Amino acid sequence: MSTAASTTTDSNFSAESYYATQPPPTHLDHEVRNVREFVQKHANAGRNVVLVTSGGTTVPLELNVVRFLDNFSAGTRGATSAEYFLKEGYAVIFMHRQFSLQPFSRHYSHSTHPFLDFLEIEQDGSQADSPARISVTEKERAPLLEVLTAYKAVHTSDLLHTLTFVTVNDYLWLLRAVSQELAVLGRRALYYLAAAVSDFFLPRQKMSEHKIQSGKGSLHIEMDQVPKILKPLVSEWTQGQAFIVSFKLETDPSLLVPKARQALARYGHQVVIGNDLHTRKHQVVFVSPSAGRDNEYVETWIRIEPSQDAVKEIEEDIVAELARRHHLWIDTSLSL
Ligand code: PAZ
């Protein structure tokens, strides 16, 4: 079967032609105003700001969307890292896929650690009609208090600003808009691009308006390539000032380092963190340009012991190392 989605002409969108032809999400202006306020506040306070992107983007197949393609990501890397960036003193813009994991609440995910399981009902026996009270089980009290205390402190100090996306189009528009707001921070802005972003999409002009009908045989959809957004992010939107970290996910471990090097050579940013799908929770590789040597790269592995109880989180070490490198990046500009 052929659908409106199956016909294509030009499949090479530049970033420029993408933004000229694909419409922005409806709440973009409102979101941008809030980001501007947040950035201004922390810029005035002399605080470094990190943009953490997290979760997977979708690619809708219809305008009245019933079906879509999705990208693998629970949002664990982003949500966990955001907490460690807060501990390192950063203000965090957390741009995540709607309903994916978020900092703090991630500890009580409905599927792995449902909060109803550690609440207890206390009946006050003295009065028959007294309202029941709720308490937390003994075992969960200390860890909950720790998470809750950190969560309240972060919110009281307005150190965490949250934005959501669903589609790859939402993501691309938000990323550009946020980067334009972060530009005032120059080298004090850090980008931590952990979201799993679709490489292919269906331009609006090629989408079927209504639900694609079955009954006429197989479905052929030809998708266009999502423009390589890191290029304008590095050279135009942030003007080479911000410290930019992208992630590369592979399922063939032998591709990790070559693909990471290729990305650095193409886009000229600071770090690519390579991770393999199956080992990503206990090992990653940092690939970065070798100082003063063109076309040479340095690899640094970060590893933790794989363990059942997952007390230690690899994001703690990833973020500590990035904060160290980011501070050097800022200091370098001061000595120029
Ligand atoms: O969200 P999660 O913890 O399940 O997975 C994190 C990740 C593997 C999506 C992330 O570390 C990553 O590699 N993001 C970039 C993916 C990409 O190559 O597009």
Worksheet item: crowded, with 16+ Cβ neighbours inside 10 Å and in a strand (DSSP E or B) - does that describe any residue in the stretch 178-190?
Response: yes
Worksheet item: Residues SER218, SER198: which one is touching a residue at least 24 places away in the same chain (Cβ under 8 Å) and either surrounded by 18 or more Cβ atoms within 10 Å (Cβ to Cβ) or in contact with a Pro (Cβ under 7 Å, 6 or more places away or on another chain) (or both)?
Response: SER198
Practice prompt. Quick one: which residue in ILE304, ILE314, ILE330 is closer than 23 Å to LEU233 by Cβ, at pLDDT 95 or above and hydrophobic (A, V, I, L, M, F, W, C)?
Written response: ILE330
Worksheet entry | Tally of residues being touching a strand residue (DSSP E or B) at 6+ places or on another chain (Cβ under 6 Å) and away from the ligand (no atom under 16 Å from the Cβ) across the stretch 62-85 | 2
Practice prompt. Could you please let me know if TYR108 is surrounded by fewer than 18 Cβ atoms within 10 Å (Cβ to Cβ) and either free of Cβ contacts under 8 Å to residues at least 24 places away in the same chain or out of contact with any strand residue (DSSP E or B) (no Cβ under 9 Å at 6 or more places or on another chain) (or both)?
Written response: yes
Response to the item:
VAL66 fails exactly one of (1) without any contact (Cβ under 8 Å) to a residue 24 or more places away in the chain; (2) open to solvent by 80 Å² or more (accessible area, probe 1.4 Å), namely (1)
Worksheet item: Failed condition for ALA260, given (1) within 16 Å of the ligand (Cβ to nearest atom); (2) under 25 Å from PRO103 (Cβ atoms), with all others met?
Response: (2)
Fill in: Elements of type helices (runs of 4 or more DSSP H) contained in the stretch 4-108, each with 1 or more residues being more than 30 Å from LYS152 (Cβ to Cβ)
15-21, 28-44
Worksheet item: Of all residues in the stretch 221-262, how many are open to solvent by less than 10 Å² (accessible area, probe 1.4 Å), assigned to a helix (DSSP H, G or I) and more than 16 Å from ARG176 (Cβ to Cβ)?
Response: 2
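The rows are residues; the columns are (1) touching a Pro at 6+ places or on another chain (Cβ under 8 Å); (2) touching a residue at least 40 places away in the same chain (Cβ under 8 Å); (3) hydroxyl-bearing (Ser, Thr, Tyr).
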site: GLU120; (1), (2), (3): no, no, no
site: ASP129; (1), (2), (3): no, no, no
site: THR149; (1), (2), (3): no, no, yes
site: ALA153; (1), (2), (3): no, no, no
site: ARG204; (1), (2), (3): yes, yes, no
site: SER208; (1), (2), (3): no, yes, yes
Response to the item:
Those residues of the stretch 86-103 which are on the phi < 0 side of the Ramachandran plot, away from the ligand (no atom under 15 Å from the Cβ) and not charged (D, E, K, R) amount to LEU86, TYR90, ALA91, VAL92, ILE93
Item to complete: Confirm whether PRO306 is free of Cβ contacts under 8 Å to residues at least 60 places away in the same chain, within 16 Å of the ligand (Cβ to nearest atom), in contact with a His (Cβ under 6 Å, 6 or more places away or on another chain) and not acidic (Asp, Glu).
Response: yes
Practice prompt. Evaluate the stretch 104-113: report whether one residue or more is within 15 Å of the ligand (Cβ to nearest atom) and more than 20 Å from the chain's Cα centre (by Cα).
Written response: yes
Discussion item. Of everything in the stretch 127-160, what is farther than 20 Å from SER105 by Cβ and open to solvent by 50 Å² or more (accessible area, probe 1.4 Å)? Give them in sequence order.
Written reply: GLN127, ALA128, ASP129, PRO131, ALA132, ARG133, GLU138
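The values are calculated or read from the model by the stated rules, or taken from the named source; none is laboratory data. Keep in mind the model is a prediction, meaning the values are calculated, not measured. Cβ: placed from backbone, ideal geometry, glycine included. Neighbour counts: every protein chain shown. Surface areas here come from the heavy atoms of the whole protein model, side chains and all, with no ligands, DNA or RNA. Shrake-Rupley method; radii C 1.70, N 1.55, O 1.52, S 1.80 Å.
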